[in-house]
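See structure below.
The values are calculated or read from the model by the stated rules, or taken from the named source; none is laboratory data. Computed from a predicted structure; not experimentally measured. We place every Cβ from the backbone using ideal geometry, glycine too, and count neighbours over all the protein chains shown.
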Amino acid sequence: MRVAVIGVGHLGRQHARLYGELEGVELAAVVDIRPERAAEIARAYGSRPLTDFREVFGKVDAVSLAVPTTDHARIGLEILENGIDLLVEKPIASTVNEAQLLIDAAARYGRILQVGHVERFNPVVRAACEAATRPQFFEIHRLAAFSPRSLDIDVVLDLMIHDIDIVLSLVRAPVVEVRAVGIPVLSTKADIANTRVEFEGGCVANLTASRVSFEKTRKLRFFQPHDYVSVDCATQKGTIVSIDMGQVTERKLEPTMVEPLRLELRSFLDCIRTRANPVVTGDDGLRALKLAISINEEIDRRSKQ
């Protein structure tokens, strides 16, 4: 299978590395508007450097799109229209309308559209999701050090959206209330944010995301009848504490550690071969984007009070 990576900055470079390692895959091209960066990544992983993404048309079966979010729809639409299956990094697009255009194009041209919510492929997150029955309360923290990349978007679309997607995959109920605060610290957009999302039926999710922290944290905890589930996405370990007939038991979640992005790309390639629906569909990406936008609208509203 011939694949290309369009946009080989920090994340696109990892896509290129893994495609170069996976069996049955030819990394046919790496594309970047910076010629020197395209050449560097092409040399490192045995590929062809390009600066115009349209040069891959007719030469590849699939593309990983890792350009800035503001360019997802513009480039993604042309990829789909030219009969190429697409893995677009999260968030799916900058706006709901752009996301819907990508979803509609994938359906029209019969293409796979997968959204890169990579934590869904984290082995410990998968184990926790398998243990989920009826989550009623989430407490999630995702903290990272400041980086000059991804400053075209705020921390909600940059980091929190990972956890928004996980929560929405477990809670299939309408959102009834969003409360949120956020502030810019080192950029012109919100760099730290906290939100409380309430769903129909009473489930509540508290999410905190920061890209101006001194320590890295990626922890997910949720409570459901008879269970408390806690996972560390970074160490890929977790714990389930259960109460049954007055007895308290503790079970460790220690799945075999695998790089989540490797699993994500394998899944994408499998979907291309079998024409199966992706684990994270365009509709999943749209739902996460809609909630992220609602959170940002609440942040903006409160900042103007």
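Structure values in brief
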{"read-out": "Residues (out of contact with any His (no Cβ under 7 Å at 6 or more places or on another chain), hydrophobic (A, V, I, L, M, F, W, C) and more than 16 Å from Arg120 (Cβ to Cβ)) located in the range 230-246", "value": "Ile240, Val241, Met245"}
{"read-out": "Residue list for the range 17-31, restricted to those being acidic (Asp, Glu) and out of contact with any strand residue (DSSP E or B) (no Cβ under 7 Å at 6 or more places or on another chain)", "value": "Glu21, Glu23"}
{"read-out": "Residue in the range 137-158 that is at pLDDT 95 or above, within 21 Å of Val279 (Cβ to Cβ) and either in a helix (DSSP H, G or I) or not assigned by TED's automatic domain parsing to the domain that holds Met245 (or both) present", "value": "yes"}
{"read-out": "Filtered residue count, the range 1-50, keeping only those that are buried (at least 19 other Cβ atoms within 10 Å of the Cβ) and at pLDDT below 95", "value": "0"}
{"read-out": "Total residues in the range 276-305, condition among the aliphatic types (A, V, I, L, M), more than 20 Å from Ala73 (Cβ to Cβ) and not in a helix (DSSP H, G or I)", "value": "2"}
{"read-out": "Number of the exception - Gly83 against (1) surrounded by fewer than 17 Cβ atoms within 10 Å (Cβ to Cβ); (2) in contact with a helix residue (DSSP H, G or I) (Cβ under 7 Å, 6 or more places away or on another chain); (3) of a type outside the set (A, V, I, L, M, F, W, C); (4) assigned to a helix (DSSP H, G or I)", "value": "(4)"}
{"read-out": "Any chance Arg221 is surrounded by 17 or more Cβ atoms within 10 Å (Cβ to Cβ), touching a helix residue (DSSP H, G or I) at 6+ places or on another chain (Cβ under 6 Å) and in a strand (DSSP E or B)", "value": "no"}
{"read-out": "Residue check for Ile243: free of Cβ contacts under 8 Å to residues at least 40 places away in the same chain and touching an Asp or Glu at 6+ places or on another chain (Cβ under 9 Å)", "value": "yes"}
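Okay, residues lined up against (1) within 23 Å of Asn277 (Cβ to Cβ); (2) not small (Gly, Ala, Ser):
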| position | (1), (2) |
| --- | --- |
| Arg2 | yes, yes |
| Leu18 | yes, yes |
| Ala29 | no, no |
| Asp61 | yes, yes |
| His72 | yes, yes |
| Gly76 | yes, no |
| Lys90 | yes, yes |
